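Asker: Before I ask anything, let me first share the structure, which is written out below as structure tokens.
The values are calculated or read from the model by the stated rules, or taken from the named source; none is laboratory data. Nothing here was measured: the structure is a model prediction, and the numbers come from that model. Every residue, glycine among them, receives a Cβ derived from its backbone with ideal geometry; neighbour counts consider all protein chains shown.
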Amino acid sequence: MDRYVTTPPPRLEIRNLRRAFDGRPVVDDISFAIQPGQVTCLLGPSGCGKSTTLRMIAGVEMQDSGEIYVDGQLVCDTVFRLPPERREIGLMFQDFALFPHLSVADNVAFGLKKASKAEKRARVEELLARVDLMRFIDGFPHQLSGGEQQRVALARALAPRPKIMLMDEPFSGLDNRLRDGIRDETLNILKEENTAVLLVTHEPEEAMRMADEIALMRDGRIVQQGAPYNVYTRPVDRAAVAFFSDTN
Ligand code: ADP
Ligand code: MG
């Protein structure tokens, strides 16, 4: 009898995603896939459609056409749409958006709706230990520095064990001094959890540092995709050269 080797489907796959605003295409036929534990970086200048792509995957923006799959299961096309809270996706943004009136522990526990009190506490302690903030467990967001708030936001996003983490310029608001350390720490934790990560940034240096794969975007399209070293050393055109040498 024949034996079949079946490869599992990607953790996240988007196919031919499109979105126009007022007749202007902003996301113009985007496709890519991300495996568990892989960091893919959508890299491109401001206004090229990165956040809109991420928002469609999160389910807070609707595509005009195209499909989104998680573990091979259809999550969203133009007919069917799984609500955002059922997509097993974690989110992190530039503004950490912690709830100011909730303690650090309650912020982290926020997404753990169904868990028992003891389960919530155990997960909160595990994650706060991981981001080295156990001492703030009963503190409030305003008592924390920007970097510390960002680590709480990471713990909160990871608490429900999302399959996918979507990160939109999460490090842009941080001091240069802190940024490298927090990037590395975040990356280590996401790798340990085997989360598939889509990181959005306009900074080539951040993409080079964090990505397993870079998808270079321009005017709503992916113009080049590959390992950071390859994208950097073999730019697809002059505009790509200019983009990589422009910033910083
Ligand atoms: P990026 O994240 O790469 O900076 P965005 O996806 O935020 O880009 O935006 C891409 C383009 O789409 C921009 O020109 C922006 O002004 C436009 N845009 C985004 N959201 C809307 C909206 N809700 N209505 C109209 N235009 C929008
Ligand atoms: Mg954006």
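Asker: Could you count how many residues in region 4-38 are in contact with an Asp or Glu (Cβ under 8 Å, 6 or more places away or on another chain) and free of Cβ contacts under 8 Å to residues at least 24 places away in the same chain?
Answerer: Residues meeting the conditions: 1.
Asker: Return the only residue of 227, 215 being surrounded by 22 or more Cβ atoms within 10 Å (Cβ to Cβ), at pLDDT 95 or above and closer than 28 Å to residue 88 by Cβ.
Answerer: 215
Asker: Search region 163-190 for residues that are at positive phi and pair each with any residue that is among the aliphatic types (A, V, I, L, M) and crowded, with 20+ Cβ neighbours inside 10 Å when their beta-carbon atoms are under 9 Å apart and the residues are at least 6 apart or on different chains.
Answerer: As it stands, the answer is 169/199; 169/200, since those pairs meet every condition given.
Asker: Which fully enclosed helices (runs of 4 or more DSSP H) of region 128-243 have 2 or more residues being in contact with a helix residue (DSSP H, G or I) (Cβ under 8 Å, 6 or more places away or on another chain), of a type outside the set (A, V, I, L, M, F, W, C) and closer than 30 Å to residue 20 by Cα?
Answerer: 204-210, 228-233
Asker: Would it be correct to say that residue 15 is over 16 Å from the mean Cα position of the chain (by Cα) and more than 16 Å from ligand 2 (Cβ to nearest atom)?
Answerer: yes
Asker: What residue, among those in region 21-50 that are more than 9 Å from ligand 1 (Cβ to nearest atom) and either over 19 Å from the mean Cα position of the chain (by Cα) or polar (S, T, N, Q) (or both), is farthest from residue 162 (Cα to Cα)?
Answerer: Among those residues, the one meeting the criterion is 23.
Asker: Follow-up question, since we're still on this one. When you scan region 59-72, do you find a residue that is touching a Gly at 6+ places or on another chain (Cβ under 7 Å), surrounded by fewer than 16 Cβ atoms within 10 Å (Cβ to Cβ), over 18 Å from residue 214 (Cα atoms) and not basic (Lys, Arg), even just one?
Answerer: No: region 59-72 contains no residue that is touching a Gly at 6+ places or on another chain (Cβ under 7 Å), surrounded by fewer than 16 Cβ atoms within 10 Å (Cβ to Cβ), over 18 Å from residue 214 (Cα atoms) and not basic (Lys, Arg).
Asker: Tell me which of these residue 97 doesn't satisfy, since it passes every other one: (1) at pLDDT 90 or above; (2) within 16 Å of ligand 2 (Cβ to nearest atom); (3) not aromatic (Phe, Trp, Tyr).
Answerer: Status for residue 97: all satisfied but (1).
Asker: On to the next question. For residue 49, work out the one condition from (1) within 16 Å of ligand 2 (Cβ to nearest atom); (2) in contact with a Ser or Thr (Cβ under 7 Å, 6 or more places away or on another chain); (3) at positive phi it doesn't fulfil.
Answerer: (2)
Asker: Looking at region 95-103, is at least one residue among the charged types (D, E, K, R), out of contact with any His (no Cβ under 9 Å at 6 or more places or on another chain) and surrounded by fewer than 20 Cβ atoms within 10 Å (Cβ to Cβ)?
Answerer: Within region 95-103, one or more residues are among the charged types (D, E, K, R), out of contact with any His (no Cβ under 9 Å at 6 or more places or on another chain) and surrounded by fewer than 20 Cβ atoms within 10 Å (Cβ to Cβ).
Asker: Could you please find all residues in region 134-163 being crowded, with 20+ Cβ neighbours inside 10 Å and over 19 Å from residue 93 (Cα atoms)?
Answerer: Of everything in region 134-163, just one residue is crowded, with 20+ Cβ neighbours inside 10 Å and over 19 Å from residue 93 (Cα atoms), namely 136.
Asker: Please go through region 73-94 and give me each residue that is crowded, with 18+ Cβ neighbours inside 10 Å and either out of contact with any Leu (no Cβ under 9 Å at 6 or more places or on another chain) or within 19 Å of residue 159 (Cα to Cα) (or both), ordered by number.
Answerer: Those that are crowded, with 18+ Cβ neighbours inside 10 Å and either out of contact with any Leu (no Cβ under 9 Å at 6 or more places or on another chain) or within 19 Å of residue 159 (Cα to Cα) (or both): 87, 89, 90, 91, 92, 93.
Asker: Do you know which of the residues in region 193-204 that are touching a residue at least 40 places away in the same chain (Cβ under 8 Å) and more than 16 Å from ligand 2 (Cβ to nearest atom) is nearest to residue 246 (Cα to Cα)?
Answerer: Taking the candidates together, the pick is 197.
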